[in-house]
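J.: Below is a structure I'd like to ask you about.
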Amino acid sequence: MGGRGANRAYRLRIGSWNIGSLTSKSIELAKILQKRKINIACVQETRWAGSRAKNANGYKLWYSGVLWGKNGVGILVDSHLRESVVEVRRVNRLMTIKLVVRECTLNVVSAYAPQAGLDEEIKRRFWEGLDEIVHSIPPSERLFMGGDFNGHIGSSAGGYTEVHGGFGFGERNGGCTLLLDFAKAFDLVIANSSFSKREEHLVTYQSSVAKTQIDYLLLRKYDRRLCEDCKVIPSETLVTQHRLLVMDNGIMIRRKKRPV
């Protein structure tokens, strides 16, 4: 990509994956991300307690979890970008990092929405926390969000054409109306509904009894031209049910001037 001139396209690959647990998996996870050339990965259901950062096979992993080791989220950043991270914020079931890459400021959010059966207060706190995070990010900065939102947006846009690209999977349920309304309020688009794909590249969760799409990657509507592709990689099976979701973005960054 790129060519002569002051600018070149820098392809940024972002992933999202509910990994079931990070215990005994962080190195293997990092190896898969490296093989798939993923720069930044949002992970959910880490099940690690506390809030820390650690190295994982060249990646830097920031994570946040509650004391009893349930739920939890994290973000991994590769060796080329890890020193570009200038801020890390941890909120209930949410984490966000800010990176400054040349003149471009990027914000990446990892989110793990409460399951359908959980208390309404837990759900309210999650959406309020996400609302607060997105409100705090200036419109001039890039925003990418990856997460397990525990809801189905359905195969068609159905009243959400600004948000839903028309290439989802399955039937919409009530749980995902919250995500669609949230995306609409903040002018975001769901990247993995924006490309026509075979079923195996749409399904993010598969068990013996069900195939569903509950994991999503989002970005600002006016940045949608940056998104070159978004799909599931079904062959990576670090966990038995959830699949790795990836998004390729072409971001223009200014080439450093060489000294005369």
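The values are calculated or read from the model by the stated rules, or taken from the named source; none is laboratory data. Nothing here was measured: the structure is a model prediction, and the numbers come from that model. As a convention, Cβ positions derive from the backbone with ideal geometry for all residues, glycine included, and neighbour counts pool all protein chains shown. Note: accessible area is taken over every heavy atom of the protein model, side chains too, but ligands, DNA and RNA are not part of it. Shrake-Rupley method; radii C 1.70, N 1.55, O 1.52, S 1.80 Å.
J.: Taking the Cβ of residue 187 as the centre, find all other residues whose Cβ is under 11 Å away and add up their charges (Lys, Arg: +1; Asp, Glu: -1). Could you put the intermediate results ahead of the total?
T.: Values: positive: 184, 220, 221, 224; negative: 162, 223.
Every neighbour counted, the sum reads +2.
J.: Also, I was wondering about something else. Count the net charge of all other residues whose Cβ sits under 10 Å from the Cβ of residue 61, scoring Lys and Arg as +1 and Asp and Glu as -1. All intermediate terms of the calculation are to be shown ahead of the outcome.
T.: Numbers: positive: 52, 54, 60, 82; negative: none.
Here the charged neighbours net out to +4.
J.: Please list log₁₀ I(q)/I(0) at q = 0.08, 0.13, 0.17 Å⁻¹ for the chain, using the Debye equation with identical point scatterers on the alpha-carbon positions.
T.: Debye output, listed in q order: -0.29, -0.78, -1.41.
J.: Spin-label point model (7 Å from Cα, Cβ direction): what's the residue 35 to residue 228 distance in nm?
T.: 2.2 nm
J.: Assuming a ≥ b ≥ c are the square roots of the Cα gyration tensor eigenvalues, decide whether the range 121-228 counts as rounded (a/c under 1.5), prolate (otherwise, with a/b larger than b/c) or oblate. Before the final figure, lay out the partial values.
T.: Numbers: a/c = 1.89, a/b = 1.28, b/c = 1.47.
Verdict is oblate for the range 121-228.
J.: Within the chain, which whole H helices from DSSP have a Cα span along their axis of at least 15 Å and a mean Kyte-Doolittle hydropathy of 0.5 or more, if any?
T.: Working: long enough: 120-135 (22 Å, -0.94); 174-185 (17 Å, 0.95).
The answer, listed by residue number, is 174-185.
J.: Of the options 249, 173, 44, report the single residue whose Cα projects farthest towards the positive end of the charge dipole of the chain (beta-carbon charges: Lys, Arg +1; Asp, Glu -1).
T.: Highest projection toward the positive end goes to 249.
J.: About the Cα centre, and with charges only on the beta carbon of Lys, Arg (+1) and Asp, Glu (-1), how big is the dipole of the chain? Nearest 20 debye, please. Please list the in-between numbers first.
T.: Working: 40 positive and 26 negative charges, 288 e Å.
Dipole size: approximately 1380 debye.
J.: Name the shape class, rounded, prolate or oblate, that the alpha-carbon gyration tensor gives for the range 138-190, where a ≥ b ≥ c are the square roots of its eigenvalues, rounded holds for a/c under 1.5, and otherwise prolate holds if a/b is larger than b/c and oblate otherwise. Mind showing how you got there, number by number?
T.: Working: a/c = 2.06, a/b = 1.68, b/c = 1.23.
Cα axes put the range 138-190 in the prolate bin.
J.: Right, next: Using the beta-carbon distance between residue 70 and residue 171 and R0 = 22 Å, what value does 1/(1 + (r/R0)^6) give for FRET efficiency, to the nearest 0.05? Kindly include the intermediate steps, with their values, before the conclusion.
T.: Numbers: r = 28 Å, r/R0 = 1.29.
That pair, residue 70 with residue 171, gives E of 0.20.
J.: Here's another thing I want to ask about it. Within the range 120-163, name every residue whose backbone N is under 16 Å away from a label modeled 7 Å from Cα of residue 199 along the Cβ vector.
T.: 154-156
J.: OK, next. Once you have the Cα-Cα distance between residue 21 and residue 127, take 0.36 nm times their residue separation minus that, and quote the gain in nm to one decimal.
T.: On the way: separation 106, 0.36 × 106 = 38.16 nm, distance 2.32 nm.
Length difference between fully extended and current span is 35.8 nm.
J.: Residue 226: net charge of surrounding residues, Cβ under 14 Å, Lys/Arg +1, Asp/Glu -1, itself excluded?
T.: On the way: positive: 11, 13, 142, 220, 221, 224, 225; negative: 141, 223, 228, 229, 248.
The answer is +2.
J.: A follow-up question, please. With a 1.4 Å probe and all protein chains left in place, how much of the accessible area of the chain comes from carbon and sulfur atoms, in whole percent?
T.: On the way: 5940 of 12100 Å².
About 49 percent, which is the carbon plus sulfur part of the accessible surface.
J.: Follow-up question, since we're still on this one. What does the convex hull of the Cα atoms come to per residue for the range 1-134, in Å³?
T.: Details: hull volume 15.8 nm³, N = 134.
In the range 1-134, the Cα convex hull volume per residue is 118 Å³.
J.: Here is a follow-up. Figure the gain on full extension for residue 53 and residue 252 (residue separation times 0.36 nm, minus the Cα-Cα span) and round it to one decimal in nm. Spell out each step's value before the answer.
T.: Values: separation 199, 0.36 × 199 = 71.64 nm, distance 2.91 nm.
Separation in residues times 0.36 nm, less the Cα-Cα distance, equals 68.7 nm.
J.: Placing one identical point scatterer on every Cα of the range 167-244 and ignoring solvent, what is log10 I(q)/I(0) from the Debye formula at q = 0.16, 0.19, 0.22, 0.24 Å⁻¹?
T.: With no solvent term, the Cα-only Debye profile gives -0.62, -0.85, -1.08, -1.20.
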